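Enquirer: Can you keep this structure in mind? I'll have questions shortly.
Any read-out appearing in this document is the output of simple, stated calculations on the displayed coordinates, not a laboratory observation. Small disclaimer: the values here were computed from a predicted structure and weren't measured. Methodologically, a virtual Cβ is constructed for each residue, glycine included, from the backbone with ideal geometry; neighbour enumeration extends over all protein chains shown.
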Amino acid sequence: MVQERTLPTFSAASTQLSKEEGLRLYEDMILGRYFEDKCAEMYYRGKMFGFVHLYNGQEAVSTGVIQAMRPGEDYVCSTYRDHVHALSAGVPAKQVMAELFGKATGCSKGRGGSMHMFSQEHRLLGGYAFVAEGIPVATGAAFQSKYRREMMGDESADQVTACFFGDGACNNGQFFECLNMAALWKLPILYVVENNKWAIGMAHERATSQPEIYKKASVFGMAGVEVDGMDVLAVRQVAQEAVARARAGEGPTLIEALTYRFRGHSLADPDELRSKDEKEFWFARDPIKKLAAHLTEQDLASQEELKQIEQKIQQEIDEAVKFAESSPEPDPNELYRYIFAED
Amino acid sequence: MAETLFFNALRAAIDEEMARDATVFVLGEDVGHYGGSYKVTKDLYKKYGELRLLDTPIAENSFTGMAVGAAMTGLRPIVEGMNMGFLLLAFNQIANNAGMLRYTSGGNFKIPMVIRGPGGVGRQLGAEHSQRLEAYFQAVPGLKIVACSTPYNAKGLLKSAIRDENPVLFFEHVLLYNLKEDLPETEYLLPLDKAEVVRPGKDVTILTYSRMRHHVLQAVKTLEKNGFDPEVIDLISLKPLDFDTIGDSIRKTHRVIIVEECMRTGGIGAELVASINDRLFDELDAPVLRLSSQDIPTPYNGALERLTIVQPEQIIEAVEKMVALRI
C-alpha cells in the first residue's frame, strides 16, 4: 500500500453553503472535467496539437479558489495546465476550445495554444509554459492593486490575484523570491500550489528537502495553509479566508492544495512511474463525486438536478466543439499582427 | 536647462514623466534611498514615495517579471538594471514575457515598460560587468531596442520610451554618464525609431551607436584634417533599424563602415550587414566593413581591454583605406 501524506481534515459542517452556491461549484467542476475529457478525445482525433496538459482530478482547486474570488474583477494567473483555470475565470468554453483548435476565435486568437490561454476581459493573466515564470507576473498584478490604492488614491482597487502553480515550481527561485517580496510589501495575492505529487516523472519527495510546501511560508512570516485539494468546500473555505486577508491589506497567503492529476503529465506522457496503488488511492477521492455526495446528502440538490447540470454542460461542450470546428483559421495576412501594441 | 550631465538628463526625463503620469514608477536595485548606482533616480523617492521608487531585493528575474505583470494591468514600470548585464538573469522575463506575450496572447495585453540601465564596456570592470546585451536581445520579437549617446538624446528618447505602449530596452553607457550638454528649457521628445545623422558627408557612411559614436567623432577630427568627408549616423534605434535614414546615406556614399561595441559574432553589425545586403546590395561599391569588439570575454587588464574594443585609430585607418584606396 502506498504511503500517502495525511490529508488535512475538513468538516463540511463548518462552512456555509447555499443551494445556489453548491450548484455553481458543481457546475464549474463538471465544466472543467467534461471540457478536459473532450480535449483528450479531440487530441486523439487530430483536432488539436502540441503539448496538451489536462486538469482532471484537480478541479476542486480551480473551482474552490476562483469561486471564492470575484471572477472578471480579480486576477488569475496560470501555468501550462491552464484550460480549467480559464473556464473558472469565466472565459467561455467555446473560446478556450477554439484556441486549442488554433482558430481566430480562440481567446488568444490562435497564437497561444493549449499552454497560453489569455483573456484581458476575464482578467486571466495567462497560461505560462515555463515552470514558475507566472509567479512574478502575478506578483506584479498584485503590486498594481496596492499601487493604485496607495499611490493613485483609487479606493476601488481592492482586487486580489490568484497565482496557480505546481509542486515542481516550489523548488524554483522565482517562488522564493516572490514570496519574499509579497510578504515584504503585503501584496494582495494567493499563491496556490497544486501539489499533485509529480513534476512529470520527478516525484515531489525526490525533488525537495521539505515536502510540506505550506510550511515554507513561515520563513517569510506569511500565512501558509494546507488543504485537501480533493474537497472543493475545504479549498473554498481557505480561499475565502485568504481573499479576505488580501483585501484587508494583510498580505499574501500560500495555499498548498494536496491533489492529484488523474491523467499523465500531458497527453504525450506514457505515465509509467505512478503506481497503481497510488492512483487508486486518489481516484477514490474524486472531488466531483465528493461534492455530489455532499449536495445530495445535505438535501441541497437532487440527483435529477445534478443530472440536469451535467446535460447542460455536455451541451455547452458540444457547442464549443462545433464553434471551434466551424470557426475560421487566423488570416495569414495577419501573421505579423499583435507584435506591437499598435497592431 | 543649462549645461546638464548625462545622468541628470535621464533623471529629468523620469522626473517629468512621473509628474505627468501617476502610473509611471521605477523599480530595481537601489533606485530609491540610494538614488541608483549612477544617481539617475537620486532623491526622487523623496518626491514620489517609496512605492514609486521601489527598492527591490536582488532578484532580477522576479522583479522584471513583476514589472511585466504591472504593465499588463495598466501601470508603466521602468526597470533599472543596476548594470544591464545583471538582466541576463531576467532573460526569460524580457524575452518570453515582455517581448512575446502580446503576440502569444493574441493582442489581449499590452506591455508598456522600459528596461534601462548602464550597458557596454566600462573601465576594467571585468567580463561580467562589460556586457552588450543589445546583441543578445535583438532576436526577440516584440522588443524595441534603443541606445542613447548624448545628454540631449538620452532625455528625449527616455521620455518617449516611457510613453511608448511597448516594451523598450533602453541602453545607456557606463562611460557616458558624465558627459555634459546644454539642453533646451522646454519639453521635447525624440522618436524611438529614427537614426540621427550626426555629421553629413559624402565619402563613406559610418554606422555606429552608443559610446562608439564618440570614438567615431574623435576619429572624424583627424579624418577631416586629412581631407576625408565621412557621414556619421548614430543608429539610436537598434531594433527596428531605421532603413530610411541608413538607405538615404548609402545611396549617397555607396560605402559602409560599421563601428560597434558589441562582439562581432551575432552582433548588431552582423544584422546590419545582412539587411544592407538584402536591401541595398546594388548600391554598394565595396563590401561592408565591420569594426566590432573581439569575440572574447572582456579582459580585466587595461591594455587587453583596449585591444578588445574598437579604438579611434582603427576607425581612421579603416576609412582612409576604404576611401583612398577605393576598396
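Enquirer: If exposed means no more than 16 neighbouring beta carbons inside 10 Å and the site is in a DSSP loop, what's the longest run of chain B without any exposed GluC sites (Glu not before Pro)? Can you show the working numbers first?
Expert: Details: sites that count: B:50, B:128, B:165, B:185, B:187.
Between the exposed loop sites, the longest stretch runs B:188-327.
Enquirer: Moving to a separate point now. For region B:3-182, place one equal point scatterer on every Cα, skip the solvent, and apply the Debye formula. What is log10 of I(q)/I(0) at q = 0.08, 0.15 Å⁻¹?
Expert: -0.21, -0.78
Enquirer: Please return the longest stretch of chain B lacking exposed loop sites, where chymotrypsin sites (Phe, Trp or Tyr not before Pro) count only if DSSP places them in a loop and at most 13 other Cβ atoms lie within 10 Å. Mind showing how you got there, number by number?
Expert: On the way: sites that count: B:188, B:300.
That would be B:1-187.
Enquirer: Grab region B:3-182 and count how many Lys pairs have their alpha-carbon atoms under 18 Å apart, sequence gap of 8 or more, or different chains.
Expert: Eligible lysine pairs with Cα atoms under 18 Å apart amount to 11.
Enquirer: Please identify every one of the trypsin sites (Lys or Arg not before Pro) in region A:118-184 that sits in a loop by DSSP and has no more than 14 other beta carbons within 10 Å of its own beta carbon.
Expert: Numbers: sites: A:123, A:146, A:148, A:149; in loops: A:123.
Of the trypsin sites (Lys or Arg not before Pro), not one in the loops of region A:118-184 has a Cβ with at most 14 other Cβ atoms within 10 Å.
Enquirer: Report the relative contact order of chain A, percent, no decimals, based on alpha-carbon pairs under 8 angstrom and at least 6 residues apart. Please list the in-between numbers first.
Expert: On the way: 668 pairs, mean separation 80.0, N = 343.
In percent, rounded to a whole number, it is 23.
Enquirer: Select from A:138, A:301, B:41 the residue farthest towards the positive end of the dipole of the protein assembly as shown; place +1 on Cβ of Lys and Arg, -1 on Cβ of Asp and Glu, and compute about the Cα centre.
Expert: B:41
Enquirer: Further, regarding this structure: Size of the dipole of region B:1-97 about the Cα centre, Lys and Arg at +1 and Asp and Glu at -1 on the beta carbon, nothing else charged, in debye to 20? Please report the intermediate quantities before stating the final value.
Expert: Values: 8 positive and 12 negative charges, 26 e Å.
Here region B:1-97 has a charge dipole of around 120 debye.
Enquirer: Percentage of Cα-Cα pair distances in region A:208-295 greater than 20 Å, rounded to whole percent?
Expert: Working: 1948 of 3828 pairs.
Above the 20 Å cut-off, region A:208-295 has 51 percent of its Cα pairs.
Enquirer: Starting at 0 and stepping by 5 Å, how many percent of the alpha carbon pairs of region B:196-324 end up in each bin?
Expert: 2, 11, 23, 25, 21, 12, 5, 2, 0
Enquirer: Something else now. From the C-alpha gyration tensor of region B:180-264, pull out the three semi-axes of the equivalent ellipsoid (sqrt of 5λ each), sorted largest to smallest, in whole Å. Display every interim value, and only then the final one.
Expert: Values: eigenvalues 91, 57, 37 Å².
Its equivalent ellipsoid spans semi-axes of 21, 17, 14 Å.
Enquirer: What nm distance separates the two modelled labels at residue B:175 and residue B:88, each placed 7 Å from Cα along Cα→Cβ?
Expert: 2.0
Enquirer: Also, quick follow-up: At a threshold of 8 angstrom on Cα-Cα distance, excluding pairs fewer than six apart, so keeping six or more, what relative contact order does region A:226-343 reach in percent? If you can, show how the numbers build up before the last one.
Expert: Values: 53 pairs, mean separation 23.9, N = 118.
Taking the mean separation of contacting Cα pairs over the length of region A:226-343, I get 20 percent.
Enquirer: If you don't mind, another one. Let a ≥ b ≥ c be the square roots of the eigenvalues of the Cα gyration tensor of the protein assembly as shown; is it rounded (a/c under 1.5), or, if not, prolate (a/b larger than b/c) or oblate?
Expert: Details: a/c = 2.47, a/b = 2.00, b/c = 1.24.
Note, shape of the protein assembly as shown comes out prolate.
Enquirer: Same structure, new question: Which one, A:152, A:55, A:69, projects farthest toward the positive side of the charge dipole computed for chain A from Cβ point charges (K/R +1, D/E -1)?
Expert: The Cα lying farthest towards the positive end belongs to A:152.
Enquirer: Now a separate question. Does region A:261-343 come out rounded, prolate or oblate, given a ≥ b ≥ c as the square roots of the eigenvalues of its C-alpha gyration tensor, rounded meaning a/c under 1.5 and, failing that, prolate meaning a/b above b/c?
Expert: Working: a/c = 3.02, a/b = 1.53, b/c = 1.98.
In terms of gyration-tensor shape, oblate.
Enquirer: Let me ask you something else. Using DSSP to call loops (not H, G, I, E or B), can you name the trypsin sites (Lys or Arg not before Pro) in region B:120-210 whose Cβ has at most 15 other Cβ atoms within 10 angstrom?
Expert: On the way: sites: B:123, B:132, B:144, B:155, B:159, B:163, B:180, B:194, B:202; in loops: B:123, B:132, B:194, B:202.
Passing sites in region B:120-210 are B:123, B:194, B:202.
Enquirer: What FRET efficiency do you get for residue B:285 and residue A:326 if R0 is 45 Å and r is their Cβ-Cβ distance, rounded to the nearest 0.05? Mind dumping the intermediate values first?
Expert: Values: r = 58 Å, r/R0 = 1.29.
With a Förster radius of 45 Å, E is 0.20.
Enquirer: Also, quick follow-up: Could you state the number of Å between the C-alpha centres of region A:41-77 and region B:241-309?
Expert: The two parts, judged by their Cα centres, are 49 Å apart.
Enquirer: Please give the charge dipole size of region A:16-323, origin at the Cα centre, charges +1 on K and R Cβ atoms and -1 on D and E Cβ atoms. Round to the nearest 20 debye. Intermediate results must be reported in sequence, preceding the final value.
Expert: On the way: 35 positive and 44 negative charges, 145 e Å.
Value, rounded to 20: 700 debye.
Enquirer: Over region A:187-343, how many percent of alpha carbon pairs lie in each 10 Å bin up to the one with the longest distance?
Expert: 9, 22, 26, 27, 15, 1
Enquirer: Work out the FRET efficiency for residue A:209 and residue A:9 from their Cβ-Cβ distance, taking R0 = 41 Å, and round it to the nearest 0.05. Could you put the intermediate results ahead of the total?
Expert: On the way: r = 26 Å, r/R0 = 0.64.
Efficiency at R0 = 41 Å is approximately 0.95.
Enquirer: Work out the charge dipole of the protein assembly as shown with +1 on the Cβ of Lys and Arg and -1 on the Cβ of Asp and Glu about the Cα centre, then indicate which of A:40, A:118, B:51 is farthest towards its positive end.
Expert: Farthest along the dipole direction, towards plus: B:51.
Enquirer: What size of dipole, in debye to the nearest 20, comes out for the protein assembly as shown about its Cα centre when the only charges are +1 on Lys and Arg C-beta atoms and -1 on Asp and Glu C-beta atoms? Don't skip to the end; give the middle numbers.
Expert: Values: 72 positive and 94 negative charges, 158 e Å.
Using Cβ point charges on Lys, Arg, Asp and Glu, the protein assembly as shown gives about 760 debye.
Enquirer: Report, in whole Å, the centroid distance computed from the Cα atoms of region B:149-188 and region A:311-343.
Expert: Rounded to whole Å, the Cα centres lie 42 Å apart.
Enquirer: Could you work out the local net charge near residue B:292, counting Lys and Arg as +1, Asp and Glu as -1, over the other residues with Cβ closer than 13 Å to its Cβ? Mind dumping the intermediate values first?
Expert: Numbers: positive: B:132, B:264, B:290; negative: B:134, B:260, B:261, B:271, B:295.
Once positives and negatives cancel, what remains is -2.
Enquirer: Moving on. For Cα pairs less than 8 Å apart in space and 6+ apart in sequence, what is the mean separation divided by the residue count of chain B, i.e. the relative contact order in percent? Could you put the intermediate results ahead of the total?
Expert: Numbers: 693 pairs, mean separation 53.5, N = 327.
That works out to 16 percent.
Enquirer: Right, next: Pull out a ≥ b ≥ c, the square roots of the eigenvalues of the alpha-carbon gyration tensor of region A:16-323, then state rounded if a/c is under 1.5, prolate if not and a/b is larger than b/c, and oblate in the remaining case. Intermediate results must be reported in sequence, preceding the final value.
Expert: Values: a/c = 1.29, a/b = 1.25, b/c = 1.03.
Note, shape of region A:16-323 comes out rounded.
Enquirer: For a test of understanding, tell me how many lysine pairs in region B:196-324 have Cα atoms under 16 Å apart, given they are 8 or more places apart or on different chains. Walk me through the numbers before you get to the answer.
Expert: Numbers: B:202/B:221; B:202/B:225; B:202/B:252; B:202/B:321; B:225/B:321.
Lysine pairs meeting the criterion: 5.
Enquirer: Percent antiparallel among DSSP beta bridges with both residues in region B:196-324, to the nearest 5? Kindly include the intermediate steps, with their values, before the conclusion.
Expert: On the way: 3 of 15 bridges.
Within region B:196-324, antiparallel bridges account for around 20 percent of the total.
Enquirer: Can I ask one more? Considering only DSSP states other than H, G, I, E and B, which trypsin sites (Lys or Arg not before Pro) in region B:263-327 qualify as loop sites with at most 12 other Cβ atoms within 10 Å?
Expert: B:326
Enquirer: For the pair residue B:123/residue A:280, report the inter-label distance in nm, with labels modelled 7 Å from Cα in the Cβ direction.
Expert: For the pair residue B:123/residue A:280, the computed spacing is 7.6 nm.
Enquirer: Rounded to a whole number, what is D in µm²/s for chain B from Stokes-Einstein with the Kirkwood radius over alpha-carbon pairs (4 °C, 1.567 mPa s)? Spell out each step's value before the answer.
Expert: On the way: Rh = 20.1 Å.
Stokes-Einstein gives a translational diffusion coefficient of 64 µm²/s.
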